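**Student:** My questions all concern the structure below.
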Amino acid sequence: MKALGKSFFTVLIFLFVFFVDNAFAVEEPSVIDVPKEFEGVQDVMDIESGAALENDIVSEEEEKTLEKNEYQNFLDSIKRIRMLDTPTDVFSASVKNSGKRFLTSFANGKYQRRFYDENLRLEKVEYWKISSSSDSNFLDRLVTYNPPEPSTGVYSIFERDYSQETESRTFYHPNGKIKSQRKNYFDKDGLLIAFEIFTCKYNSSYKALQERLQKYSVNGKKIALESDELNTTKYEGEKIAETSYYKNSILRVRTFYGEDDKSVRATYFDGGVIVRDFYQGNIKLSSSIDDGNDDEI
């Protein structure tokens, strides 16, 4: 009975796969942006819905085999493994006529589908939450990998988290360093209520020179800048010489790095008050307070 129940749940999983492949066409809202790579406010860009698993419904013969064994794999017509079933998880691999491939797996109560192009590059990952009732099945998270731009090699990753009501698109340089990111926040009705723009600039050695995070609120068609945070870094050769932090264009923290792992951090408060902390490595040695307006340390 235990094996029979597990067999039924395996069939249920793949029936669910077939259902969601044919019933849902997931839409990927594009992101809007201050950097040029983000355009439009709430445009919608379609992505291909997942294709149905081909010939992955467990046959009656395979069901009988499942009843006898706790661990089984099933082969296709040319003896390639297309499904692996164990007491703790289920795994299936399929190939579409276009040459694209996708893998499905169920483990620890989580269901996942990974889609690959004909060159075996990852295109999309779907994370589903499922139960014995089809009414409780829903797409929890979607991650889409976009190929590099031919001229620059810059590529992007789109992620939609349906549980958290958020989505993001992140652009990366060919070496994997982040270029920029747009993150959107939605209310329960799916309306955009806020978003963040993160950008990063590098020197020729791809050391970060400037990181900026801007936070916006959205009220209908009205967009307001709520916060603007900027971190800058200066180098002397390969070593960091100075870092600065600005909040809404006002200098708040500046740190100078010297020899022998010594550093001085100055924190600037309204009214001209400056607190200086002196460090040796990560150990604070002493502090001082200045009520003047001198920016030099």
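The values are calculated or read from the model by the stated rules, or taken from the named source; none is laboratory data. Remember, predicted model here, so these are calculated numbers, not experimental data. Backbone-built Cβ (ideal geometry, glycine too); neighbour counts: all protein chains shown. Ligands, DNA and RNA are stripped out before the accessible areas are found, and what is left, the full protein with its side chains, is counted by its heavy atoms. Shrake-Rupley method; radii C 1.70, N 1.55, O 1.52, S 1.80 Å.
**Student:** Can you send over the solvent-accessible area of Arg212, 1.4 Å probe, protein chains only, in Å² to the nearest 10?
**Tutor:** 80
**Student:** Let me ask you something else. Could you list the GluC sites (Glu not before Pro) in region 219-293 that lie in coil according to DSSP, counting only those with at most 15 other Cβ atoms within 10 Å of their Cβ? Each step should come with its number before you reach the end.
**Tutor:** Numbers: sites: Glu226, Glu229, Glu236, Glu238, Glu242, Glu259; in loops: Glu238, Glu259.
Sparse-neighbourhood loop GluC sites (Glu not before Pro): Glu238, Glu259.
**Student:** Would you grab the residues whose amide H sits under 5 Å from the one on Tyr155? Only those 5+ places off in sequence or on another chain, please, with H modelled 1.01 Å from N.
**Tutor:** Glu149, Tyr172
**Student:** Excluding ligands, DNA and RNA, what is the solvent-accessible area per residue of region 209-297 at a probe of 1.4 Å, expressed in Å²?
**Tutor:** Numbers: 6050 Å² over 89 residues.
Solvent-accessible surface per residue comes out at 68 Å².
**Student:** Pop out the carbon and sulfur fraction of the accessible area of region 152-199 as a percent, whole number, probe 1.4 Å.
**Tutor:** Details: 1100 of 2160 Å².
Of all accessible area on region 152-199, carbon and sulfur atoms account for 51 percent.
**Student:** A further question on this structure: Which number do you get for Rg(Cα) / (2.2 N^0.38 Å) in region 178-297?
**Tutor:** Normalised by 2.2 N^0.38 Å, the Cα Rg of region 178-297 equals 1.34.
**Student:** Right, here's the next one. Of the listed peptides 217-224, 271-278, what is their order by residue-averaged count of other C-beta atoms within 10 Å, with the highest listed first? Display every interim value, and only then the final one.
**Tutor:** On the way: 217-224: 11.1, 271-278: 13.6.
For the peptides 217-224, 271-278, the packing ranking is 271-278, 217-224.
**Student:** Hey, another quick one. For region 214-257, with all protein chains present and a 1.4 Å probe, just round the carbon and sulfur fraction of the accessible area to a whole percent. List each step's numbers first, then the result.
**Tutor:** Details: 1420 of 2910 Å².
Whole-percent figure for carbon plus sulfur exposure: 49.
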